[in-house]
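Each remark here refers to the structure printed beneath this line.
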Amino acid sequence: FIGSVFSSYYAWSKKRNPFNHCALNVALYGPDKTRWAMTERGENAVAVDRSHFQIGPSRLDWEDDELVINIDEKAAPLPLPVRGRVRVKPAFVNTREFEIDEGRRHRWRPIAPTAHIDANFEIPNLQWSGRGYLDTNSGDEPLEAAFRYWDWSRAQLPGGETAILYNTDGWKGETRSIALNFNAGGEMTELPAPPATIVLPDTKIWRISRRTRADRETAVRVIKTLEDTPFYSRSIIESSVSGTTCNSVHESFSGARFRSPIVKAMLPFRMPRILR
């Protein structure tokens, strides 16, 4: 994150220097392996150029056609160490950027709709290889200023295809849906959004609303909830996209929750700040 949209410190800052509010977010899930880290660093701990990004003791580098992420962080709220390396090799690179709000102040680019991932962690002891995804978001105003709600999902389909859905609701009732399909060679097709809006069960702890779009008369279910926070959820869902039953990584965001001063005051307990 550069000028983290989820940073209370950035929201409270008068200078609004994005490079004074940078963080590397690491989330690991699994029995006895769960870690969550998002320590914010000040500008004295940040160095960036075209192919390198240093955030405190962690760093990201483009090496030829791979993104190499060296992680040296501490989890929160328990300060357990998180150390390891993740290598991300895109199958192809997408250059198309999308505006996701009516005011054209927020942008999203799926850089690598599909990629090969190698994750090797020393602490906790965890190794994994498989398929992954890389994207970027940027904006000219706080996220909650534009969006009352949004949901996003990505599915790996047979034959190396990837489907991505992005649905947003603005504060004035405006809605926007983006539905993309990428084939194994990187060719992108913009599709009509799946016709049915499916309301999923709220998360159990913070009661965050979840929904998605899918083919009509399709059974959609939550397989697992990975993140259940006061304003955001991440889940694995099963649905049907373009006639194919698939599992998707699904995220939902509540701008109504996130704009609450109470919620912003809670965030530093999970997102501490270190100046160097």
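Does Pro230 satisfy the condition of being open to solvent by less than 40 Å² (accessible area, probe 1.4 Å), more than 18 Å from Tyr166 (Cβ to Cβ) and modelled with pLDDT of 95 or more? Explain how you work it out, then say what you get.
Details: open to solvent by less than 40 Å² (accessible area, probe 1.4 Å): yes; more than 18 Å from Tyr166 (Cβ to Cβ): yes; modelled with pLDDT of 95 or more: yes.
Yes, satisfied.
Starting from the stretch 250-268, take each residue that is over 18 Å from Glu227 (Cβ atoms) and list its partners that are among the acidic types (Asp, Glu) and in a helix (DSSP H, G or I), counting only C-beta distances under 6 angstrom and pairs at least six apart or across chains.
Correct list of pairs: Arg259/Glu144.
Residues being surrounded by fewer than 14 Cβ atoms within 10 Å (Cβ to Cβ) and under 20 Å from Asp151 (Cβ atoms): count how many of those fall in the stretch 116-137.
Going through the stretch 116-137 one residue at a time, the tally reaches 2.
Select from the stretch 54-92 the residues that are open to solvent by less than 30 Å² (accessible area, probe 1.4 Å) and closer than 22 Å to Arg109 by Cα and list them in ascending order.
Of everything in the stretch 54-92, those that are open to solvent by less than 30 Å² (accessible area, probe 1.4 Å) and closer than 22 Å to Arg109 by Cα turn out to be Asp61, Leu67, Val68, Ile69, Val86, Val88, Pro90, Phe92.
For the stretch 57-106, which residues satisfy the criterion of being under 30 Å from Ala145 (Cβ atoms), assigned to a strand (DSSP E or B) and of a type in the set (D, E, K, R)?
Glu73, Glu99
Restricting the search to the stretch 138-172, which residues are open to solvent by 60 Å² or more (accessible area, probe 1.4 Å), part of a loop (DSSP other than H, G, I, E, B) and either more than 20 Å from Phe1 (Cβ to Cβ) or out of contact with any His (no Cβ under 9 Å at 6 or more places or on another chain) (or both)?
Pro142, Glu161, Trp171, Lys172
Given the options Ser13, Ser7, name the one that is open to solvent by 20 Å² or more (accessible area, probe 1.4 Å), closer than 22 Å to Gly139 by Cβ, of a type in the set (Gly, Ala, Ser) and modelled with pLDDT under 95.
Within the list Ser13, Ser7, the selection yields Ser13.
Rundown of residues vs (1) under 17 Å from Glu144 (Cα atoms); (2) modelled with pLDDT of 90 or more, yes/no style:
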position: Arg211; (1), (2): no, yes
position: Thr225; (1), (2): no, yes
position: Ser242; (1), (2): no, no
position: Val249; (1), (2): no, yes
position: Arg257; (1), (2): yes, yes
position: Pro261; (1), (2): yes, yes
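Got at least one residue in the stretch 204-218 being farther than 21 Å from Asp169 by Cα, surrounded by 14 or more Cβ atoms within 10 Å (Cβ to Cβ) and either acidic (Asp, Glu) or out of contact with any Asp or Glu (no Cβ under 9 Å at 6 or more places or on another chain) (or both)?
yes
So the check is Cβ under 6 Å with 6+ separation or different chains; which pairs have a first residue in the stretch 161-190 that's without any contact (Cβ under 8 Å) to a residue 24 or more places away in the chain and a second one that's exposed (fewer than 15 other Cβ atoms within 10 Å of the Cβ) and part of a strand (DSSP E or B)?
Taking only residues 6 or more apart or on different chains, the pairs are Asp169/Thr175.
Can Ile111 be described as part of a strand (DSSP E or B), open to solvent by less than 50 Å² (accessible area, probe 1.4 Å) and free of Cβ contacts under 8 Å to residues at least 40 places away in the same chain?
yes
Which is part of a loop (DSSP other than H, G, I, E, B) and either of a type outside the set (Gly, Ala, Ser) or without any contact (Cβ under 8 Å) to a residue 40 or more places away in the chain (or both), of Thr197, Thr203?
On the way: Thr197 fails: part of a loop (DSSP other than H, G, I, E, B).
Of Thr197, Thr203, the one residue that is part of a loop (DSSP other than H, G, I, E, B) and either of a type outside the set (Gly, Ala, Ser) or without any contact (Cβ under 8 Å) to a residue 40 or more places away in the chain (or both) is Thr203.
Could you say which residue among Arg216, Arg211 is outside any loop (DSSP other than H, G, I, E, B), in contact (Cβ under 8 Å) with a residue 12 or more places away in the chain and of a type in the set (D, E, K, R)? Even if it seems obvious, please write down each step before you answer.
On the way: Arg216 fails: outside any loop (DSSP other than H, G, I, E, B).
Answer to the check: Arg211.
Being closer than 30 Å to Lys33 by Cβ and among the aliphatic types (A, V, I, L, M) is the filter here; which residues of the stretch 124-179 pass it?
The answer is Leu126, Leu134, Leu143, Ala155, Leu157, Ala163, Ile164, Leu165.
Taking the stretch 185-194 as the region of interest, how many residues are under 19 Å from Tyr133 (Cα atoms), assigned to a loop (DSSP other than H, G, I, E, B) and open to solvent by 60 Å² or more (accessible area, probe 1.4 Å)?
Number of matching residues: 2.
The values are calculated or read from the model by the stated rules, or taken from the named source; none is laboratory data. This structure is a prediction, so every number in the text was calculated from the model and none was measured. Cβ coordinates were reconstructed from backbone atoms using ideal geometry, including for glycine residues, and neighbour counts include every protein chain displayed. When the accessible area is computed, the model is the full protein with side chains, heavy atoms only, and any ligands, DNA or RNA have been set aside. Shrake-Rupley method; radii C 1.70, N 1.55, O 1.52, S 1.80 Å.
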